Amino acid sequence: MFVLNFFKKYFDAKVSLTFLLVTLIAGFIILYKLNNEVVCNSKEFKIDAPSLTVGEFIIFSDDTKDAHSWRWYFGDDSQIAFRSKVAHSFDKEGSYLVKLVINNECTIQQVVTIAPRKSSVDESLIPKIIVPTYIVEGEAVVFEDFTKSAESWEWRFGENLDNKVDSFDKICTYTFTSPGRKMISLVVNNDYTNVGTKIVFVMPKKEEKVTKAEKKRNVVPLNPFLNVPDAPPEEQNVVKVEKGPEIGGSDANRIEDVFSLVTDGKISYDDFIKYFCKYNLPTVVFKDQKVATIKEFYYQVKKEKIKIKNISIQKGKDDCIEIILIDKKHKSVF
């Protein structure tokens, strides 16, 4: 009786029940983790290819027991693949660290060394992919193969996560759904040894902003001058493109010198834009696919003292610089 009264006095029944419930929940969690835990017994994944050379498809596969999700990183800035067995080709020679993450827990890494394309390869067998110089997200692009004696085609445009074929036609139309770097590949006559590849950069589509004034113009008033012909434009009133100092593709380093003047605060914005076409200023695209106007980039460089690792330019038909591709140096903590 004394013992019973002692427990009633110092231990509340609700506290005991709560403790018991927490213990049971913790036990269930431990059992669940033990049953679902993937033991990383696999130390490497399978690589299957006739030879590890530029442009050749390589089959990567994993057969880990109880695996249900995969993420492949190929180390060449290409998109992540999400299947146990994937095909991938590299467009440049060198060593790449290929990483596989299984079930978001186990990580396997292997270095793959890609050799240059063999000189003995008949270049006439490699499909030539012709692409426009300017591709915009959401706009249809027509692709056509001109390989002689071709009877079958496999087009892949670099946006399919499962690496499936996008078109089996000689002439096909494709619309890119996202901006950024894409690798187009073409296999002709089931010849996976001679694969044609092409790297393109898809520009983000421009968002059209509708002002309040434009919304009010939906109702068009009666125009009393509707049938009156317009006067021909006078030649002196036509706005012509004014080009800045010539910065050719072979002299792109001059832009780095101009950016250095911005960093040192030795050039104003008005003087800075004189290096480009006055009525066709370029768009700045960073390696992480972020986009900025030339004015935004000018003040960002001036304020943050950005250091540039690599820079390249793309020109239009009027020889104006339309795109500036920027790869920034990341600041070190040391």
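Laid out as a table, the results:
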{"quantity": "Amide H within-cut-off set for F90, under 5 Å, with H built and near neighbours excluded", "calculated": "G55, E56"}
{"quantity": "Nonlocal amide H pairs with T175, under 5 Å, H built at 1.01 Å", "calculated": "V141"}
{"quantity": "Å² of accessible area per residue within the stretch 47-167, as computed with a 1.4 Å probe and no ligands counted", "calculated": "55"}
{"quantity": "Solvent-accessible surface (1.4 angstrom probe) belonging to Y299, in square angstrom, nearest 10", "calculated": "110"}
{"quantity": "Derived scalar couplings ³J(HN,Hα) [the stretch 68-84; Karplus, 6.51 cos²θ - 1.76 cosθ + 1.60; whole Hz; x for Gly, Pro]", "calculated": "10, 8, 9, 9, 9, 10, 9, x, 10, 6, 7, 6, 6, 9, 10, 10, 6"}
{"quantity": "5 Å binning of all Cα-Cα separations within the stretch 264-304, expressed as whole percents from 0 upward", "calculated": "5, 21, 29, 25, 15, 5"}
{"quantity": "Kirkwood hydrodynamic radius of the stretch 46-105, Cα pairs, Å", "calculated": "12.1"}
{"quantity": "Projected-area mean, the stretch 104-157, by convex hull of Cα positions, square nanometres", "calculated": "8.0"}
{"quantity": "Principal axis box of the stretch 30-189, alpha-carbon based, largest edge first, Å", "calculated": "61, 39, 26"}
{"quantity": "Hydrodynamic radius (Kirkwood) for the stretch 65-159, which is based on Cα pairs only, to one decimal in Å", "calculated": "16.7"}
{"quantity": "Too-long pairs where the Cα-Cα distance tops 32 Å, listed order kept, from K170/K290; K295/K317; K274/K329; K99/K170; K85/K309", "calculated": "K170/K290; K99/K170; K85/K309"}
{"quantity": "Residues with amide H under 5 Å from that of K328, placed H, sequence gap 5 or more", "calculated": "K287, K309"}
{"quantity": "Sparse-neighbour loop sites [chymotrypsin sites (Phe, Trp or Tyr not before Pro); the stretch 149-207; at most 13 other C-beta within 10 Å; DSSP]", "calculated": "F168"}
{"quantity": "Under the Karplus curve 6.51 cos²θ - 1.76 cosθ + 1.60, θ = phi - 60°, whole-Hz ³J(HN,Hα) for the stretch 271-281, x wherever Gly or Pro sits", "calculated": "6, 5, 6, 5, 7, 10, 5, 4, 9, 8, 5"}
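The values are calculated or read from the model by the stated rules, or taken from the named source; none is laboratory data. Keep in mind it's a predicted model, so treat the numbers as computed, not measured. Backbone-built Cβ (ideal geometry, glycine too); neighbour counts: all protein chains shown. Note: accessible area is taken over every heavy atom of the protein model, side chains too, but ligands, DNA and RNA are not part of it. Shrake-Rupley method; radii C 1.70, N 1.55, O 1.52, S 1.80 Å.
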